[in-house]
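Trainee: Handing you a structure now.
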Amino acid sequence: MNPMYPNNMSPQMNGNQPLQAVQSMQSHQPMQVTVVEPYVYAAVRSLIGKRVVMDTTRGPVNGIVMDAKPDHVVIQERDSTFFVRICEVVWIMPENFK
């Protein structure tokens with residue numbers, strides 16, 4: 001499915017712009033856009049229950065990965081819980097204790 005043409009609609013030309021684009025400009029309705037990073041999501045899911053250091057665009061977050069969703073990850077460190085948007089993750093490193 002092409003996200004530019006929901007409901008499997010093909011573009012219909014109207015001058016130089018697709019008809020659907022013209023219709024959406026006239027309706028002035030917001031369009032929801034979801035960015036999914038499948039490889040980062042899969043990596044975070046594999047780390048549930050483990051300690052990690054996660055670097056974000058706002059700085060590092062340390063703790064145990066409690067949950068992972070396609071758009072965010074839940075990190076818990078002592079009494080603090082952090083909900084980090086996956087699109088803000090720069091890198092993830094598991095902490096290995098021997």
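Computed from the coordinates by the stated procedures, all read-outs in this text should not be read as laboratory data. Values in this document were obtained by computation on a predicted structure and should not be read as measured data. Backbone-built Cβ (ideal geometry, glycine too); neighbour counts: all protein chains shown.
Trainee: Evaluate E = 1/(1 + (r/R0)^6) for S46 and T81, where r is the Cβ-Cβ distance and R0 equals 22 Å; express this FRET efficiency to the nearest 0.05.
Mentor: The pair S46/T81 has a calculated efficiency of 0.60.
Trainee: Still on this structure, I have one more. Which whole-number percentage describes the relative contact order of region 38-94, with Cα contacts under 8 Å and a sequence gap of 6 or more?
Mentor: RCO, region 38-94: 34 percent.
Trainee: Also: Quote the FRET efficiency, to the nearest 0.05, computed for T57 versus Q29 with a Förster distance R0 of 41 Å and r equal to the Cβ-Cβ distance.
Mentor: 0.85
Trainee: If amide H atoms are built 1.01 Å from N in the plane of the peptide, which residues on other chains or at least 5 residues away come under 5 Å of the amide H of H72?
Mentor: Result for H72 returns I86.
Trainee: Once you have a ≥ b ≥ c as the square roots of the Cα gyration tensor eigenvalues for region 25-81, tell me rounded if a/c is under 1.5, and otherwise prolate or oblate according to whether a/b is larger than b/c.
Mentor: Taking the square roots of the gyration eigenvalues as a ≥ b ≥ c, region 25-81 is prolate.
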